[in-house]
Every structure is written in structure tokens, then in C-alpha cells.
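A.B. asks: Can you read through this structure? Questions will come right after.
The values are calculated or read from the model by the stated rules, or taken from the named source; none is laboratory data. On a predicted model such as this, the values are computed, not experimentally measured, just so you know. Here Cβ is always computed from backbone atoms with ideal geometry, including for glycine, and neighbour counts include all displayed protein chains. Each accessible area value is taken on the protein alone, full model and side chains, heavy atoms only, with ligands, DNA and RNA left out. Shrake-Rupley method; radii C 1.70, N 1.55, O 1.52, S 1.80 Å.
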Amino acid sequence: MTEDPADRRRRAQRGCDRILSAHRVPTMREQLALFDTLDLDGFPDFYGGGPVAELERRVAELLGKPAAVFFPTGTMAQQVALRCWAERTGSPVVALHPLSHVEAMERGAYESLSRLRGVFPTREPRQPTPAEVRDLDEPYGTLLVELPLREPGFLLPSWDELTETVAAARSRGARVHFDGARLWESTVHLGQDLAAIAGLADSVYVSLYKTLGGLAGAVLAGPADFVAQARAWRHRYGGNLFQQWPAVLTALAGLDRELPRLPEYVSHAKVVAQALAKLPGALVHPAVPHTHQFQLWLPGPAERLNEAVIALAEQRGIWLCNAFTDRAPGRAMAEITVAGPALEWSADDVVEAGLALLALAGPA
């Protein structure tokens, strides 16, 4: 039987002594061992309560919102948020970017399940401008802003641009929802704390696994009456699970472990990006990362670069990045996530490893 390429990459990464992008992929046994470090003497949740209520309280406090509700997935959380705002505004139209997760990665769920309709302030691979939001040629009830916008490079607006964009939506009578799956790491670029950023929006969704390393789950925060409505729709969508304490406890641990380290990750991402940009034919986007994640573009087909990544791991115990994908003629792109393991890398280390990868990949 042919080995799954994803499993092959995971095995290669786990055999490495040095990892530049992301964390070492844990086994299920290692995930379970984490629970030995947690307080497990309390009672679990039963359709909410217990540790779930504690997580909701803590995230609401971090985001400066009156209330919050846990969801098993971010996709469900955002469908519910958009549906609730559509009911409240009387408009089924959502203004969002065509590259946003809701539009590009959820199989049209907001249209199919909630009968909502999307309109696009811009199709350019960047955040929409305040003028584009203000001057959109169709009425809309909700503006969705993804912070950061992952697909074109984990891009954030400036703080002034964000406040002006929100004001532009409000001038149209719209509510504002932030897709903050990666909001945690956006504070450095925006120069504001989580509560200040979230305070611009009527509602905010945050992921519990993308940055924090929880097993799964998401939280939706906003006004108390909105959150109560979201709880009702969570039940209707099948998201009111009997017990969710494993995911919740790992998310709480992630808030303690990862959240304080994110400014250091974001700072070191700039060092890593500058070093990778020195590689022959390399393009880093954005040139100065907005968060601890960015894109690395290299010459050559993705297949050959991916084989080189695995060869570098197997031969030298160095893991540079996860999978490349072909995105343009003669170029492939991989996403880089600078986390704890990367803090051990100097700029010279990064350049040396990158040159070794290109040597293994051969001529473009």
C-alpha cells in the first residue's frame, strides 16, 4: 500500500532535531500525555457548563465582550454569526472578500445553509479599503473582515485602515463581524490589545487550535442577547455536544502557554523572512510579515520541492516547512509559521538550510 503523502511528511518532520516552521506534529499518545499536566479532578461539562463555561468567560474577558459561546468548529460559529446578524438587520447580504475562509473554504455553507448572499468590495488579493466598503454598489447588512486574511499572505490592515473600514460599514447601516481565527497574533501589527481590536466589531470568532494548539473548537463573542441567539442556533446546527472538555482544557492550556509568546514569534518571523528572502529566486510575501505566518515562494515545481523538504529532513534532521503547492508558472508556495522551535534558529541557520533545500531540489 502506498503511504499517504501527508503521513510521510509527518513522519519525516517528527524525525527532525530542528524545525523552522510550526511545531512538531504530536502523536495521539503525546496528546493524551498533555492531560497529565492538567487539573482533571473537577466535573466535566454536560451540554455546557464546567470547563466550557470557564473558557467562554475567559475568552469574553480577553476580547472585551459581554458574552461568548463555544462551538465545536469555526465554520459552524461563523455560519451562526452571519445568520443571526441577517435576522437582526433584515438583510441576507454579506460583504466579504472572495478569498476569505467563509467564501473560499466552506463549500458555500453560508449560501446553502442560511440562504445568504455575498458581495465583494474588492477582488484584489489584499484587505478591502474603507472607500471600497463605503462605496460598494449594493446594499448589505453585515461586513465580514478576516483578520488576518490568510489566502493572499496573512495580511492585516493598519489600525487606522481597520477603524476607517469599520466606520465605512457603519455608515452603510451594516453590522461588523471579525473572522478572527488568527486574531491572537494580530495585536503586534495593529498595535492594540485584543479587547481594543475586538471592540471595533459587533461580533468576533476566534479559533482555539490554529494558534493556541487546542484539539479543536472555536469561540464566538459579542453582546449577551446575540450570544444567547447564537446558542439557540448552535443547538439547531447540531453543535450542542454532550461533552467537550478535552478540546476545552487544551484550549485553556494554550491560552496560558502560547498567547504570551506570540509577540516573540511575530518578532522572530521578521528575522526568518528576511533570511529566506536571500535565497536565490526566493520571494517572501509580505516582505515584512504582519503576523508570525507568511508565504515563501521558490522556483521549481511543488513536487520536486516537497521531495527536497523530505530529503533534507531524512538526511540532516532539518524541517524547513510544510507542503509546497504550485501557484504560478515555475513557482511554488509554502506557508511558514514561526513558533517556539524556530526561536532557536539564527538568520544564518535559515539561509544555510534554505540553500541545502534548493541544492536537493536541483535546477528549477
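A.B. asks: Pull out a ≥ b ≥ c, the square roots of the eigenvalues of the alpha-carbon gyration tensor of the stretch 135-180, then state rounded if a/c is under 1.5, prolate if not and a/b is larger than b/c, and oblate in the remaining case.
C.D. replies: It comes out prolate by the Cα gyration axes.
A.B. asks: Okay, moving on. How many angstrom lie between the C-alpha centres of the stretch 235-260 and the stretch 58-77?
C.D. replies: Using only Cα atoms to place each centre, the spacing works out to 10 Å.
A.B. asks: What is the Cα centroid distance between the stretch 1-36 and the stretch 205-224, reported in whole angstrom?
C.D. replies: About 23 Å separates the Cα centre of the stretch 1-36 from the one of the stretch 205-224.
A.B. asks: Still on this structure, I have one more. Mind listing the long-range amide H neighbours of Arg175? Cut-off is under 5 Å, sequence gap 5 or more, other chains count too, H placed in the peptide plane at 1.01 Å from N.
C.D. replies: Correct list: Thr142, Leu143.
A.B. asks: Over the C-alpha atoms of the chain, what are the Rg and the largest Cα-to-Cα span, Dmax, in Å?
C.D. replies: Taking only Cα atoms of the chain, I get Rg and Dmax of 21.1, 60 Å.
A.B. asks: What angle, in degrees between 0 and 90 and rounded to the nearest 10, separates the Cα long axis of helix 159-171 from the longest principal axis of the Cα atoms of the chain?
C.D. replies: Compared with the principal axis, the helix lies near 30 degrees.
A.B. asks: Report, ordered by chain and residue number, the lysines lying within cross-link reach of Lys278, taken as a straight Cα distance under 27 Å and ignoring same-chain residues fewer than 8 apart.
C.D. replies: Lys270
A.B. asks: Does the stretch 1-67 come out rounded, prolate or oblate by the C-alpha gyration tensor, with a ≥ b ≥ c the root eigenvalues, rounded set by a/c under 1.5 and, if not, prolate when a/b is larger than b/c and oblate if not?
C.D. replies: Judged from the Cα gyration tensor, the stretch 1-67 comes out prolate (a/c at least 1.5, a/b above b/c).
A.B. asks: Another question, then. Rolling a 1.4 angstrom probe over the protein chains, ignoring ligands and nucleic acids, what is the accessible area of Phe324 in square angstrom, nearest 10?
C.D. replies: 10
A.B. asks: Can you tell me the orientation of helix 224-236 relative to the chain, as the angle in degrees between its alpha-carbon axis and the longest Cα principal axis, to the nearest 10?
C.D. replies: That helix lies at roughly 70 degrees to the long axis.
A.B. asks: Restricting the count to DSSP beta bridges whose residues both fall in the chain, what percent are antiparallel, rounded to a multiple of 5?
C.D. replies: Just about 60 percent of them are antiparallel.
A.B. asks: Looking at the stretch 1-54, which GluC sites (Glu not before Pro) are DSSP coil and have at most 11 other C-beta atoms within 10 Å of their C-beta?
C.D. replies: Taking the stretch 1-54 and a limit of 11 other Cβ atoms within 10 Å, the loop GluC sites (Glu not before Pro) found are Glu3.
A.B. asks: Let me ask you something else. With a cap of 12 neighbouring Cβ atoms within 10 Å, and only residues DSSP puts in a loop, list the trypsin sites (Lys or Arg not before Pro) found in the stretch 45-129.
C.D. replies: Answer in residue order: Arg107, Arg115, Arg123.
A.B. asks: How tilted is helix 262-276 with respect to the longest principal axis of the chain? Cα atoms for both, answer in degrees (0 to 90, nearest 10).
C.D. replies: 40
A.B. asks: In Å², and per residue, what accessible area does the chain have when probed at 1.4 Å with the other protein chains present?
C.D. replies: It amounts to 44 Å² per residue over the chain.
A.B. asks: May I ask you to derive the relative contact order of the stretch 178-225, considering only C-alpha pairs under 8 Å and at least 6 residues apart, and to give it as an integer percent?
C.D. replies: It comes to 37 percent, rounded to a whole number.
A.B. asks: Here's a follow-up. Within the stretch 234-309, which trypsin sites (Lys or Arg not before Pro) sit in a loop by DSSP and count at most 15 neighbouring Cβ atoms inside 10 Å?
C.D. replies: Lys278
A.B. asks: Moving on to the next point. From the square roots a ≥ b ≥ c of the eigenvalues of the alpha-carbon gyration tensor of the stretch 1-134, which class results: rounded (a/c under 1.5), prolate (a/b over b/c), or oblate?
C.D. replies: oblate
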